[in-house]
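Just so it is clear, none of the values below were taken in a lab; they were calculated from the coordinates. Predicted model, so just to flag it, every value in this text is computed and none were measured. Here the Cβ is made from the backbone with ideal geometry for all residues, glycine too, and neighbour counts use every protein chain on show.
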Protein chains: 2
Amino acid sequence: MLIDRVGEFGLIKRFKSLIKNDRTVIKGSGDDCAVLKFTENKYQLFTCDMLVEGVDFLPQDDPYLVGRKALAVSLSDIAACAGIGRHCLVSLALPKKTKLKFVDRLFKGMLDLAGEYKINLVGGDLSRARQVMIDISLLGEVDKKFLVLRNGARPKDIIFVTGRLGGSILGKHLSFNPRLNEARFLVKNFKLNSMIDISDGLIQDLGHILTESKVGAVVYEDLIPLAKEASGLRQALYMGEDFELLFTLPQKEARRLVAKRLPDFKPIGEITPVKCGIRLISSKGKESFVRPQGFRHF
Amino acid sequence: MLIDRVGEFGLIKRFKSLIKNDRTVIKGSGDDCAVLKFTENKYQLFTCDMLVEGVDFLPQDDPYLVGRKALAVSLSDIAACAGIGRHCLVSLALPKKTKLKFVDRLFKGMLDLAGEYKINLVGGDLSRARQVMIDISLLGEVDKKFLVLRNGARPKDIIFVTGRLGGSILGKHLSFNPRLNEARFLVKNFKLNSMIDISDGLIQDLGHILTESKVGAVVYEDLIPLAKEASGLRQALYMGEDFELLFTLPQKEARRLVAKRLPDFKPIGEITPVKCGIRLISSKGKESFVRPQGFRHF
């Protein structure tokens, strides 16, 4: 039997059930970051993301942006937990015939973004492979009172997204700004119940919140902010790599957020008690039920 | 210009010079682990290691041992800093046609070793690639008073190794026990000046200690403990993947260690003030100077 029979998320579930962790692990596999015991007032965040040539970027992409993206995707995970980034390690596998200029540009893209968000690059590993592969592991921290996970969504919460969705493949996936500042702004000013970053597509990532929180959702298609690059709603619902934040907060908090009229935060729906997926409402009021789906590696 | 013109260590040097870290980084790139500010009495250790199919293991190797090795090499880095392992993340890239059984075995090998050393597996990332690739990033901790780095070797220090060297490629590289307990025993009972794990070959890894400590060394060929798998001295000197510890301590401490007659710790030479590489003394008293060399990815 091959792994595509169980699929990416099937594999993760299979592994998760075998893992036994001690009490210093506040949250292990199954959120954007692992959450670890740290200081009296803070948790440590720990996450990793791997980019593979031909999957997450193309040979003809600007290596500066590839290096930048390698760090940005991990920073987006830290943002989804409302933390700040601190230290990273870089594992890099390169074909023997790689140009020095490629590596220089890749590294500069990574270091420039690290500088922007004050991330220390503290080491790594170099290896040889047939495809370029970059895996960054990132440590961060978050005030205990600010931590937001996927599992806190409650019925009647309003669902929000940052920015605009869809069409990321045309360029944004290589140049997006991880939403660290937006996440910090949110947790400092509002009480959020759940949050995730949209890496596998709105519907699939909303599905993760629903599964972890044991709730359902209704989403209004008209409310979904479309990127100008998006060819249509389908892209905004199912295409990966938007790296925007998806979060829920109680109605009272939501009203306060809406009242601020900030263009970066848009309500798109509501959490419901029903535990069976997502109800989509079209502009004409037509209802359809969708199952979480989006990008999968296998 | 291609990367093999500057080589693996040339690349690392090139990157290192560009990195600027803040004061919470006690030691960045250039040791077995990054050393980070943590608690009043402890440092946090942070390391990653990537295994690539065809480079670090072969398609026909037992996936149980491959998974085990993926974690063991990082634990060996923690051992080299005299720490204990705590939490790890696993990034795994797999070809689409990978058998589920392969992944199950790989994961079991990893989890069994994690259980043995009480390591929490707190998350990871799954991706698709043409070759199997496993990158583990590992957090550990060490009492400040026990931390040992590569840069503390002093003239007249005696150089020791654990275990036996050479021929690791015949099997030990897949089944070695990381020397965590031995390292802890050493730092609890002796004052060590420097330590590294032998991953790229005795001569090359001794070279790292000499460069970081700005000293030289004399090594007696007769004293090097050969593994029974080793075909000869050359393998013990230059072949990678022994994953034994190489450490130095002052003469007085060395005498105390030798007096204990522990078969796992053998003196092989002495640190000298001369800053130009390693002087090898053959069984017949013949001297030769060697430059650090050993395994390189390019």
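Data for the structure
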{"item": "Pick from the range A:116-131, criterion within 10 Å of chain B (Cβ to nearest Cβ) and in contact (Cβ under 8 Å) with a residue 40 or more places away in the chain, ranking: surrounded by the fewest Cβ atoms within 10 Å (Cβ to Cβ)", "result": "A:131"}
{"item": "Hits in the range B:90-115 (condition: at the interface with chain A (Cβ under 7 Å from one of its Cβ atoms) and either out of contact with any strand residue (DSSP E or B) (no Cβ under 8 Å at 6 or more places or on another chain) or of a type in the set (A, V, I, L, M) (or both))", "result": "B:93, B:94, B:100, B:103, B:107, B:111"}
{"item": "Single condition residue A:264 does not satisfy, out of (1) under 21 Å from residue A:77 (Cβ atoms); (2) surrounded by 21 or more Cβ atoms within 10 Å (Cβ to Cβ)", "result": "(2)"}
{"item": "Some residue of the range B:175-192 being more than 15 Å from residue B:265 (Cα to Cα) and in contact with a Gly (Cβ under 8 Å, 6 or more places away or on another chain)", "result": "no"}
{"item": "Selection from the range B:178-192 of residues that are surrounded by fewer than 24 Cβ atoms within 10 Å (Cβ to Cβ) and more than 12 Å from the chain's Cα centre (by Cα)", "result": "B:181, B:182, B:184, B:185, B:187, B:188, B:189, B:190, B:191"}
{"item": "Among (1) in a helix (DSSP H, G or I); (2) touching a strand residue (DSSP E or B) at 6+ places or on another chain (Cβ under 7 Å), the one test that residue B:279 misses", "result": "(1)"}
{"item": "Total residues in the range A:82-132, condition under 23 Å from the mean Cα position of the chain (by Cα) and more than 27 Å from residue A:33 (Cα to Cα)", "result": "0"}
{"item": "Wholly within the range B:181-266, helices (runs of 4 or more DSSP H) carrying at least 1 residues that are among the charged types (D, E, K, R) and touching a helix residue (DSSP H, G or I) at 6+ places or on another chain (Cβ under 9 Å)", "result": "B:202-213, B:251-259"}
{"item": "Search result, residues across the range B:36-46 that are facing another protein chain (nearest Cβ under 7 Å) and buried (at least 24 other Cβ atoms within 10 Å of the Cβ)", "result": "B:46"}
{"item": "Selected residue [buried (at least 24 other Cβ atoms within 10 Å of the Cβ) and over 17 Å from residue A:174 (Cβ atoms)] from A:78, A:84", "result": "A:78"}
{"item": "Qualifying residue in the range A:14-34 (condition: on the phi > 0 side of the Ramachandran plot and part of a loop (DSSP other than H, G, I, E, B))", "result": "yes"}
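Let's see how each residue does on (1) under 17 Å from residue A:124 (Cβ atoms); (2) away from chain A (no Cβ under 11 Å); (3) in contact with a Ser or Thr (Cβ under 8 Å, 6 or more places away or on another chain):
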| site | (1), (2), (3) |
| --- | --- |
| B:25 | yes, no, no |
| B:29 | yes, no, no |
| B:34 | yes, no, yes |
| B:49 | yes, no, yes |
| B:55 | yes, no, yes |
| B:66 | no, yes, no |
| B:70 | yes, yes, no |
